[in-house]
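I have placed the structure first, in the form of structure tokens, so that the comments after it can refer back to it.
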Amino acid sequence: MLVLSIYYLNLSAQEVWDDKSQGLWPIEAQKTWISSSMDHEMQAIYYYKSVGERPQPLIISLHTWSGDYRQRDPLISYCIAHNINYIHPDFRGPNNNPKAGGSAYAIQDIDDAISWALNNLAVDVRDIHVVGVSGGAFATLLTYMKSKHSIKSFSAFVGIYNLEDWYYESLGRGTPYATHISLLTTNSTDAINFEEARRRSPYFMKTPIALRKESCLNFYCGIDDGYTGSVPITQTLEMYNKVVDDFEVTDEGAFLKQEDIYTLLKRRTLSGFAVIEKAFMGRDIIYKNSIFPGVTVRVFKGGHEMPEGDFIQEILKK
């Protein structure tokens, strides 16, 4: 754990969360394999089992778009230090093949990993939390939409939720993600199946209202993302509106107006909007909406990252 902490000391928040290379995993973390309940393919995961008989919370940390279960993850150090159960599943690895990236196989792999944790770790079933950044936020929303498990909170940082839009956004920026979406949907770099892209996108999925009415869903995006990062903030803001709308909220104040989304995207600020949470994970919050209980969106000063700060304590105290 000490080696891991020293390693991260010289990395910025964005570098940590975008780094897809293998991590230096502490000796307290263990590795195992889980057989898929769909096709019996073996999924590797890293995990930490809390010490003692008393049930403890479970953190499900989901890797980024191009990463896998071996990816560096600062959350493991926190979980070990605070005796919190932790799993870091593979769910078909990087999103560059048809069985990854929102496929039924990848979604089931996450659920299989959660089931394994419930059967093998001392988990407080009332205190289960899913966390993801970028492609991990994409997977977090897939879990929100499709998991059979009762989960207390879902926290999605700078995520991708509409693959059709992100294909064009990535194509325009010259990033490799447009090719990845082609591979996901056609297994070819020369073609794209937009119907399949929509099928894999949380934005086009029906929110399971009955299962999630007691859950908390937290959206976060950095106002500079899309300028200095790979995912425009419209991905988060439109996904937030979609979920609130699915809950049939009638209070118009719970939604972001389209003109406000445009202003945030274009000007990276909202005129006359006061900074309301200076200390949240060390960042100023440009915009926050939590009028509808259970679904919150925050736009923070930053880019494509999860800000530094005691995030897990933030979700566990709620």
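The values are calculated or read from the model by the stated rules, or taken from the named source; none is laboratory data. These figures come from a predicted structure and were not determined experimentally. Here Cβ is always computed from backbone atoms with ideal geometry, including for glycine, and neighbour counts include all displayed protein chains. Just the protein is used for accessible areas: all its heavy atoms, side chains included, with ligands, DNA and RNA removed. Shrake-Rupley method; radii C 1.70, N 1.55, O 1.52, S 1.80 Å.
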All-pairs alpha carbon distance profile, region 121-160, 5 Å steps from 0, percent = 7, 26, 29, 19, 13, 5, 1
Percent carbon-and-sulfur accessible area, the chain, ignoring ligands, DNA and RNA, probe 1.4 Å | 50
Taking the convex hull of the alpha carbon atoms in the chain, what volume per residue do you get, in Å³?
-> 128
Calculated P(r) of region 177-293 - Cα pairs past 16 Å, % = 69
Cα-based Rg of region 74-127 normalised by 2.2 N^0.38 Å, two decimals = 1.32
Calculate, in nm to one decimal, what Ala44 and Asp124 gain on full extension: separation in residues at 0.36 nm each, minus their alpha carbon distance.
-> 26.5 nm
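Hey, what did region 65-163 get for relative contact order, percent, Cα under 8 Å, at least 6 apart?
It rounds to 24 percent for region 65-163.
Quick one: accessible area per residue over region 173-318, 1.4 Å probe, rounded to a whole number of Å²?
48
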Determine, at each q value in 0.15, 0.20 (inverse angstroms), the log₁₀ of I(q)/I(0) that the Debye formula gives when each Cα of region 226-265 is one equal point scatterer.
-> -0.38, -0.62
Taking region 90-163 as the region of interest, what is the percent of Cα-Cα pairs per 5 angstrom bin, listed from the shortest bin to the one with the maximum distance?
-> 4, 17, 27, 27, 16, 8, 2, 0
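Ranking request for peptides 137-144, 289-296, 198-205: highest mean number of other beta-carbon atoms within 10 Å first, then the rest in descending order. Don't skip to the end; give the middle numbers.
Numbers: 137-144: 27.5, 289-296: 16.8, 198-205: 20.1.
Packing proxy ranking, top to bottom: 137-144, 198-205, 289-296.
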Relative contact order as a percentage, the chain, C-alpha pairs under 8 Å and 6+ apart, gives 15
Region 161-236: Rg/Rh from Cα coordinates, Kirkwood Rh?
-> 1.04
With a point put 7 Å past each Cα toward its Cβ, work out how far Ile209 is from Glu308 in nm, to one decimal.
-> 4.4
Convex hull over the Cα atoms of region 147-199, averaged projected area in nm²?
-> 4.8
With label points set 7 Å from each Cα along the Cα-to-Cβ direction at Glu259 and Glu53, the distance between them in nm comes to 6.4
